[in-house]
1. Counting just the residues of segment 222-253 that are of a type in the set (A, V, I, L, M) and within 24 Å of ILE168 (Cβ to Cβ), which one comes out surrounded by the most Cβ atoms within 10 Å (Cβ to Cβ)?
2. Does LYS153 fit the bill of being assigned to a strand (DSSP E or B) and not hydrophobic (A, V, I, L, M, F, W, C)?
3. Hey, can you tell me all the residues within segment 53-71 that are within 12 Å of the chain's Cα centre (by Cα) and either part of a helix (DSSP H, G or I) or surrounded by 23 or more Cβ atoms within 10 Å (Cβ to Cβ) (or both)?
4. Here is a list of conditions, (1) in contact with a Gly (Cβ under 7 Å, 6 or more places away or on another chain); (2) at pLDDT 95 or above, and GLY93 meets all of them except one; can you say which number that is?
5. Under 6 Å between Cβ atoms, which residue pairs at least 6 apart in sequence (or on different chains) link something in segment 105-129 that is touching a residue at least 12 places away in the same chain (Cβ under 8 Å) and within 20 Å of GLY93 (Cβ to Cβ) with a partner that is buried (at least 18 other Cβ atoms within 10 Å of the Cβ) and of a type in the set (D, E, K, R)?
6. For ASP46, only one of the following conditions fails: (1) in contact with a helix residue (DSSP H, G or I) (Cβ under 7 Å, 6 or more places away or on another chain); (2) assigned to a helix (DSSP H, G or I). What is its number?
7. Among what's in segment 1-41 and is within 17 Å of LYS251 (Cβ to Cβ) and surrounded by fewer than 17 Cβ atoms within 10 Å (Cβ to Cβ), pick the residue that is modelled with the highest pLDDT.
8. When the residues of segment 43-60 are narrowed to those that are touching a Ser or Thr at 6+ places or on another chain (Cβ under 8 Å) and not hydrophobic (A, V, I, L, M, F, W, C), which ends up nearest to VAL258 (Cα to Cα)?
Amino acid sequence: MAKDESAFDAKKFRVKADHKIDLSEWPTLVDPVYRSKDNYHAELADHVARLSDAQQKLYAGNHHSLLLIFQAMDAAGKDGVIRHVMSGVNPQGCQVTSFKHPGGAELEHDFLWRATRYLPERGKIGIFNRSYYEEVLIVRVHPELLQPEGFAKGDDTEAFWEDRYRSINDLERHLVANNVHVLKFFLHMSKEEQRQRFLARIDEAEKNWKFSQADLEERGFWEKYAEAYELCLSKTSTDQAPWFIVPADDKLSARLIVSQIVLETLDQLKLAFPEVSEARKAELKAIRAQLTPYTKSP
């Protein structure tokens with residue numbers, strides 16, 4: 001039997017606006033009531049089919065767009081969530097952008113510039129695998145990264161970060177006002193689970209390419225990253241563009257949680273294919289007549 005979706009409560013994972021976050025109070029392993037490992041494939045297939053249908057209506061309506069942002073520590077499963085949840089979406093109406101460390105022209109502009117170039121058009125879904133939030137996460141942990149952006153050592157005051165949070169909130173408020181609906185997911189993984197996944201990347205040959213010494217070095221900043229995420233989630237989760245803290249120690253549950261939240265958001269938009277006017281129906285009927293072969297009676 002499939003999971004009773006009436007029991008699903010997205011509010012359980014949503015960060016309230018102006019709410020101070022302590023990640024130690026948020027679970028990394030989902031409550032068993034939300035786990036559906038035995039029925040995972042059937043449930044995900046159902047979610048994927050429904051997402052595909054909703055995406056077609058989103059594309060045809062050309063009124064709304066959706067921006068999904070994924071942030072997490074290394075090995076939390078961002079790629080897997082994106083790949084599995086969006087597997088049935090028409091590529092024509094969806095674009096995934098993965099953000100690496102900025103370089104070249106990106107460093108000559110403000111920190112939001114490079115991301116705004118990849119915002120989704122009306123009717124489309126845009127997915128950011130990491131995003132402009134890196135500028136208040138990795139850069140906050142490693143403030144020396146500000147110098148290539150034109151800032152001097154010591155510029156990273158608390159007021160500086162508050163300005164960046166404010167800039168992000170202003171951007172997202174602007175997007176929502178223009179029918180770009182923003183959902184932000186933090187895949188919350190425990191340090192022990194990361195250790196196990198790093199070991200798997202070393203022990204399994206097909207995963208070796210995923211691991212680097214830099215991953216291990218960044219793990220040494222775990223506590224600083226946790227603090228940066230807590231501040232970021234507290235400062236930038238708004239009613240218009242909320243953060244969801246998704247327990248990510250179990251990859252299958254994380255995928256189902258994300259897909260259900262996306263589905264609920266699209267359902268709230270009341271998407272439908274554009275209505276056809278009587279004049280248009282008459283026009284289509286006339287065109288059909290021209291395309292229908294004439295068969296002479298014997």
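The values are calculated or read from the model by the stated rules, or taken from the named source; none is laboratory data. Quantities reported herein were computed from a predicted structural model and do not represent experimental measurements. Quick reminder, even Gly has a Cβ in these numbers, built from the backbone with ideal geometry, and neighbours come from all protein chains shown.
1. Of segment 222-253, the ones of a type in the set (A, V, I, L, M) are 226, 228, 231, 233, 241, 245-246, 248, 252.
After this cut, where a residue has to be within 24 Å of ILE168 (Cβ to Cβ) as well, the list is 226, 228, 231, 233, 241, 245-246, 248.
Working: ALA226: 17, ALA228: 19, LEU231: 19, LEU233: 24, ALA241: 22, ILE245: 23, VAL246: 26, ALA248: 30.
The residue in question is ALA248.
2. On the way: assigned to a strand (DSSP E or B): no; not hydrophobic (A, V, I, L, M, F, W, C): yes.
In short, no.
3. Of everything in segment 53-71, those that are within 12 Å of the chain's Cα centre (by Cα) and either part of a helix (DSSP H, G or I) or surrounded by 23 or more Cβ atoms within 10 Å (Cβ to Cβ) (or both) turn out to be LEU66, LEU67, LEU68, PHE70.
4. Just one mismatch for GLY93, condition (2).
5. Correct list of pairs: ASN129/LYS78.
6. With respect to (1) in contact with a helix residue (DSSP H, G or I) (Cβ under 7 Å, 6 or more places away or on another chain); (2) assigned to a helix (DSSP H, G or I), ASP46 is out only on (1).
7. Taking segment 1-41 and keeping what is within 17 Å of LYS251 (Cβ to Cβ), we get 3, 13, 27-32, 34-41.
Narrowing the set further to residues that are surrounded by fewer than 17 Cβ atoms within 10 Å (Cβ to Cβ) leaves 27, 29, 31-32, 37-39, 41.
Working: PRO27: 95, LEU29: 92, ASP31: 71, PRO32: 61, LYS37: 64, ASP38: 71, ASN39: 83, HIS41: 87.
Across segment 1-41, the extreme among qualifying residues is PRO27.
8. Filtering segment 43-60 for residues touching a Ser or Thr at 6+ places or on another chain (Cβ under 8 Å) gives 43-44, 47-48, 51, 58.
From the residues that got through so far, the ones that are not hydrophobic (A, V, I, L, M, F, W, C) too are 43, 47.
Numbers: GLU43: 12, HIS47: 10 Å.
The extreme case among them is HIS47.
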